[in-house]
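Below is one structure, written out as structure tokens; comments come after it.
The values are calculated or read from the model by the stated rules, or taken from the named source; none is laboratory data. This one's a predicted model, so the numbers in the text were calculated from it and none came from an experiment. Reconstructed Cβ throughout: ideal geometry from the backbone, glycine too, with neighbour counts over all protein chains shown. Note: accessible area is taken over every heavy atom of the protein model, side chains too, but ligands, DNA and RNA are not part of it. Shrake-Rupley method; radii C 1.70, N 1.55, O 1.52, S 1.80 Å.
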Amino acid sequence: MAAVLDIDLLRTFHAVARLGQFRAAAEHVHKSPAAISVHIQRLESLAGGRLFDRDNHSVALTPLGQRLLAGTAELLRMHDKVVDELHGPTVAGRVKLGVPDEYAAHVIRDILPGFSAAWPEVVLDVVTAPSQALAEQAARGRLGCAIVAQPLPAGQGAVVPLAVTQPVWAGAAGWRAGRADILPLALHATACPYRRAMTESLTRAGRRWRIVLSTPSSQAIQACVEAGLGISLLDQARLTPAMRVLEELPRVAPHGVYLLRAPGRAEDPAADRLEQEIRQRFRLG
């Protein structure tokens, strides 16, 4: 008999791949970490090999896992669309979505076209801004949904993030600086959490710095770093071949990428479907 892919196993697999941690995936799909391990083992048996490389802190997709992830994203989306159509009318409405600049291309290119094709009666209104500004707008009800980057909260029971990212110091591949040098920083926008993390971590470490670029544009920061004009704090997944990690600079704690909803809103099926689509398909890098 041909192998059959179980939807629950695939949903668990996608959660682990997106969040990079078994514990965070367990919270997301409301299962125990032990159940998550069993699900992945069963799926690896069906797939015929390891889907993840694991260490004490995180997991990473193997080449086989990458193929399975790419091949089943549309399957999960269509499964959920069919179930939704069986249990209710066509979804319609308007959703205003806020996205930080560094994730906008991925969301606009890889997520929203499929959503619009599945739910053509939903009108999307997309805005970009730094994370802190988006969080404030969502809290005031000016956005239906907002994707934001924030430091991970301490303790358990917090909202499960879309993904967990490790910020790293990035410089041009040939960049070098001595201990006494004044570090040239390419700073993110004022309302971006990475800007504060950069300046505070360097100040605590006793390192001197100056600003060579201050911008809300992730492309401008990338160009500045690649050109060797400055260094910056970036998601590790966003480093390019022209960059290297600057291990000599102080480590910054992991951050989470969260999906926020406007509080106190009445039932909003259109925003619910958009949230579901983003949670299933959001990826770092």
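How do Asp6, Asp268 stack up against each other in accessible area, from largest to smallest, with a 1.4 angstrom probe? Walk me through the numbers on the way to the answer.
Working: Asp6 60, Asp268 35 Å².
My answer, sorted largest first, is Asp6, Asp268.
What does the accessible area of Arg142 come to, in Å² to the nearest 10, when a probe of 1.4 Å is used?
140 Å²
For every other residue with a beta carbon closer than 15 angstrom to the beta carbon of His79, add +1 if it is Lys or Arg and -1 if Asp or Glu, then tell me the sum.
Neighbourhood net charge equals -1.
With +1 on the Cβ of every Lys and Arg and -1 on the Cβ of every Asp and Glu, and nothing else charged, how large is the dipole of the chain about its Cα centre, in debye rounded to the nearest 20?
820 debye
Please check: in the Gaussian network model of the chain (C-alpha springs, under 10 Å), which one of Ala70, Ala220, Ala146 has the largest mean-square fluctuation.
In this elastic network of the chain, the residue with the biggest mean-square fluctuation among Ala70, Ala220, Ala146 is Ala70.
If DNA, RNA and ligands are ignored and the probe is 1.4 Å, what is the ranking of His30, His14 by accessible area, most exposed first?
Result, largest first: His30, His14.
Among the helices of the chain (complete DSSP H runs), which have Cα atoms covering no less than 30 Å along the helix axis and a Kyte-Doolittle mean of at least 1.0?
The qualifying helices: there are none.
Rounded to the nearest whole Å², what accessible area per residue is found for the stretch 1-103 with the 1.4 Å probe?
Value returned for the stretch 1-103: 55 Å² of accessible area per residue.
Calculate the length of the line joining the C-alpha centroid of the stretch 223-285 to that of the stretch 123-149, in whole Å.
14 Å
With the Cα gyration tensor of the stretch 29-177 giving a ≥ b ≥ c as the square roots of its eigenvalues, does the rule (a/c under 1.5 for rounded; else a/b larger than b/c for prolate; else oblate) give rounded, prolate or oblate?
oblate
Using a/c under 1.5 as the rounded threshold, could you call the stretch 44-123 rounded, prolate or oblate? The axes a ≥ b ≥ c are square roots of the C-alpha gyration tensor eigenvalues, and prolate needs a/b larger than b/c, oblate otherwise.
oblate
Report, in deg cm²/dmol and to the nearest 500, the calculated mean residue ellipticity at 222 nm for the chain, where each DSSP H run with n ≥ 4 adds -39500 (n - 2.57) and the sum is divided by the residue count. The partial results should precede the final answer.
Numbers: 10 runs with 117 residues, N = 285.
Taking each H run of at least 4 residues, the total per residue is -12500 deg cm²/dmol.
Mind checking the dipole of the stretch 128-253: about its Cα centre, +1 per Lys or Arg Cβ, -1 per Asp or Glu Cβ, Debye to the nearest 20?
Value, rounded to 20: 240 debye.
Given a 1.4 Å probe and the protein chains all in place, what does the accessible area of Trp169 round to, in Å² to the nearest 10?
Solvent-accessible area, nearest 10 Å²: 10 Å².
Among Glu136, Glu27, Glu85, which one shows the biggest mean-square fluctuation in a GNM of the chain, springs joining Cα atoms closer than 10 Å?
Top of the fluctuation ranking is Glu85.
Is the stretch 93-145 best put as rounded, prolate or oblate by its Cα gyration tensor, with a ≥ b ≥ c the root eigenvalues, rounded for a/c under 1.5, and otherwise prolate when a/b is larger than b/c, oblate when not?
oblate
Quick check for you: which residues of the stretch 94-133 have the amide N under 13 Å from the point 7 Å beyond the Cα of Gln276 toward its beta carbon?
Inside the label zone: 115, 118-119.
Take the solvent-accessible surface of the protein heavy atoms, probe 1.4 Å, and return the percent of it on the chain that carbon and sulfur atoms account for.
On the chain, the fraction of accessible area on carbon and sulfur atoms equals 53 percent.
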